[in-house]
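Worksheet: the structure to be examined is printed underneath.
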Amino acid sequence: MPGDAPAASAPPPPRGLRREIGPRWLRGRLPTFGLAWFFQRRPRSARYLLLQMESVVRLNASLPAGLAQCAVDAPNRRVRGALQTLAASLEKGASLADSMRAVPKTFPGRWVDAVEAAERSGSLSLTLRRLASEAGEGLLVGRRTRNYLAYIFALMVLEALIMLFLAFRVIPVFAEILEEFEQAPPVSMSILVGISEFLRSHAGTVFMWAALALLLFSILKALHRRIGLLQSVASYAILVTPSFGSWYRQARVEHIAWLLEIAIAAGVPLPEALRNAAGAQGLAHPYQRTLKRLAADVERGSKLSTVLQSRRYLLGDAFREAVVIGEQREDLVWAFHEAGETARRRAVRLKNVWVQAVIPIGVGISAIGVGLVTTATMATFVELTNGLIKDL
């Protein structure tokens, strides 16, 4: 049983975690307009909290007291509040997984599922260390994504401002001048004039439809969490998407394999481990249903590799191959670990491909827009020059 020994000195916060926005008395009370995402506050805070919990568990200290002590030296308001919430929930007798669910904005659902499985198996320290390592890897990918998206966003905002200025201030004047010279505008300018007139006359309608689309998306997102049919439709729609569907599958396989690895290592029977994994809140309904069916088939005496043969679409061939080798070696712990690591490596590789594709795609879209505006503007100047020459 954990004693009441004081927790070790807290590890230093990750670089950048101490940055705060605004005066001290306003921190946490004003919208950050994307700056919190830009500085990667959520993953930095999550990694710091995981390191704190791992250090307390590793020293076999009292977790509520240790986290409360860590809250005293917390680097910012967000981390301090999360530590105090975790400590108060643990003090009331809740498990660490249930306490982490009390701060959903910090800990993803699949992390909570892994901690819940680790608490049942007694491998909490190892799991927290592994989650902290995963959070560190996520920071590296997130930093690259942030830099790419910030560049693309700044470029597209500048382009949008230029196009709006031309559409509302410049192009209408050019169109009037061409009419005075009885010159037909070029095709490129006619398109921009039409867009300008549409925006000026239907700006309210466009804004209303955009707001309705955002509201509909929010409603579907809320219903998606509670209705299994919507989860199934969304999951299969994603899975048929090239590249992105493969990343989605690998991420879910990694999650499932990790939960099964923790449970089997603790001596949990395979059917029960499959049912526990099916109860994970971070899994979509199709995966939960598949795991329950696998558990029922295994209970009836079938081998897991055999029943996986008909369910390769959701879990993939690599998962089944690892299970086949694990059954031959009579070591399913190794099999699930290998399947999870393979899925993790593939997911990271696919994510990096998507991140690296952001720059050429964004620059390409921006270049097309700039090219159209430039072509239309140059054509307009040419028409104006021709009209002036003819008039003279």
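What follows draws every value from the coordinates through simple rules; no lab data is involved. Given the structure is predicted, the values throughout are model-derived calculations rather than measurements. A quick note on method: Cβ atoms are made from the backbone with ideal geometry, for glycine too, and the neighbour counts reach across all protein chains shown.
Principal axis lengths of the range 24-140 from Cα atoms, whole Å, largest first?
Here the spans come out as 42, 29, 21 Å, largest first.
Relative contact order of the range 24-140: what whole-number percent is it, with Cα pairs under 8 angstrom and at least 6 residues apart?
Worked out over the range 24-140, it gives 31 percent.
What is the distance, in nm, between label points placed 7 Å from the Cα along the Cα-to-Cβ direction at Arg169 and at Leu126?
6.5 nm
Evaluate Rg over Rh across the range 36-85, taking Cα atoms for both radii and Kirkwood's formula for Rh. Don't skip to the answer; put the middle values down first.
Numbers: Rg = 11.1 Å, Rh = 11.1 Å.
My calculation of the ratio gives 1.00.
Using the Karplus equation 6.51 cos²θ - 1.76 cosθ + 1.60 (θ = phi - 60°), what ³J(HN,Hα) coupling, rounded to whole Hz, does each residue of the range 288-302 give in order, writing x for Gly and Pro?
Karplus-based 3J(HN,Hα) across the range 288-302 equals 4, 5, 5, 5, 5, 5, 4, 4, 5, 5, 5, 4, 7, x, 7 Hz.
What GluC sites (Glu not before Pro) does the range 290-355 have in DSSP loop regions with at most 10 other beta carbons within 10 Å? Could the numbers behind the result be given before it?
Numbers: sites: Glu299, Glu321, Glu327, Glu330, Glu338, Glu341; in loops: Glu330.
When the GluC sites (Glu not before Pro) of the range 290-355 are filtered for loop state and at most 10 Cβ neighbours within 10 Å, Glu330 remain.
In whole Hz, what ³J(HN,Hα) sequence does the range 334-351 give by Karplus (6.51, -1.76, 1.60; θ = phi - 60°), x for Gly and Pro?
3J(HN,Hα) across the range 334-351, in whole Hz: 4, 4, 5, 5, 5, 5, x, 5, 4, 5, 5, 5, 5, 5, 5, 5, 5, 5.
Grab the beta carbon distance between Tyr313 and Ala211, set R0 = 45 Å, and tell me the FRET efficiency rounded to 0.05.
Numbers: r = 38 Å, r/R0 = 0.84.
Calculated transfer efficiency: 0.75.
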